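Asker: Okay, handing you the structure first.
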Amino acid sequence: MKNFLWGTESFNDTPIFVVLFVSRNKDNKDIEGFTERRMSFITHDAADADRLKERFYDFVSHGKKGELSRMYYSVNARDGAKIHKALLHFLFDNPDFNLCSINSKLAGIAAAKENAATKHWMFDFDIDSGEDVLLFYADIKAIDNEINITMHKTPHGYAVITDRGFDTRDLLKKWGADKVTLKRDDLLCVDWKTKE
């Protein structure tokens, strides 16, 4: 009977993140018979890169030879209490919902902007130049030296993440909308892999 005690962990304040594994049409145009695949879920393990990578590499292994897959996780932690409340409302309003799809639905609810627990901003820096991204970093610091900034390599450039918002008008005007896009609450591409 102990097998029926699965998933009885109590609610806690550990940060929750949304994770998405995706193999997109855009990345795999040349693969014959390709169909887009995705898997989304919420986790406390976003900081445990090794554990997430194991799951991601398993996802990659189920693709076609030469298929590129990406792993994303939310820039902002999610508010567990708000997710819980939104899920209860959804289930009450949709009694015929297919519970086999609960993980992706839960990820979708968690990803809603109103369920963010933090207010980090992400700049999609679409220039694949370490020198330019450091100049961009310096420009942010010149606006507000107190902002904490992290930078991550992405497939086509960098993601520059700030711990809070600030006046971006001059910054975005200088760098141009074709090179830098501000995303106030989005998913960060943290890994990508092609099936050999």
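The values are calculated or read from the model by the stated rules, or taken from the named source; none is laboratory data. Everything numeric in this text was worked out from a predicted model, so none of it was measured. Positions of Cβ are generated from backbone atoms using ideal geometry, with glycine treated the same way; all protein chains shown enter the neighbour counts.
Asker: Suppose we keep only residues that are out of contact with any Ser or Thr (no Cβ under 9 Å at 6 or more places or on another chain) and closer than 18 Å to Ala117 by Cβ within region 44-71. Which one would you say is modelled with the highest pLDDT?
Answerer: Of everything passing the filter in region 44-71, Asp45 is modelled with the highest pLDDT.
Asker: Between residues in region 118-130 that are surrounded by fewer than 20 Cβ atoms within 10 Å (Cβ to Cβ) and residues that are of a type in the set (Gly, Ala, Ser), which pairs lie under 7 Å by C-beta distance while being six or more apart or on different chains?
Answerer: Short answer, once both residue conditions are applied: Thr118/Ala77; Lys119/Gly165; Asp124/Ala159; Asp126/Gly157; Ile127/Gly157; Asp128/Gly157.
Asker: Output the residue which, of all residues in region 147-184 that are in contact (Cβ under 8 Å) with a residue 60 or more places away in the chain and touching a helix residue (DSSP H, G or I) at 6+ places or on another chain (Cβ under 8 Å), is surrounded by the most Cβ atoms within 10 Å (Cβ to Cβ).
Answerer: The extreme case among them is Leu182.
Asker: Only one of Ala112, Ala86 is surrounded by fewer than 17 Cβ atoms within 10 Å (Cβ to Cβ), touching a helix residue (DSSP H, G or I) at 6+ places or on another chain (Cβ under 9 Å) and among the small types (Gly, Ala, Ser). Can you tell me which?
Answerer: On the way: Ala86 fails: surrounded by fewer than 17 Cβ atoms within 10 Å (Cβ to Cβ).
Only one candidate qualifies: Ala112.
Asker: Pick from region 55-78 the residues that are under 20 Å from Thr35 (Cβ atoms), among the charged types (D, E, K, R) and touching a residue at least 60 places away in the same chain (Cβ under 8 Å): which of them is surrounded by the most Cβ atoms within 10 Å (Cβ to Cβ)?
Answerer: Filtering region 55-78 for residues that are under 20 Å from Thr35 (Cβ atoms), among the charged types (D, E, K, R) and touching a residue at least 60 places away in the same chain (Cβ under 8 Å), the one surrounded by the most Cβ atoms within 10 Å (Cβ to Cβ) comes out as Arg70.
Asker: Given the conditions (1) crowded, with 16+ Cβ neighbours inside 10 Å; (2) under 24 Å from Arg184 (Cβ atoms), report the number of the one that Ala81 does not fulfil.
Answerer: Status for Ala81: all satisfied but (1).
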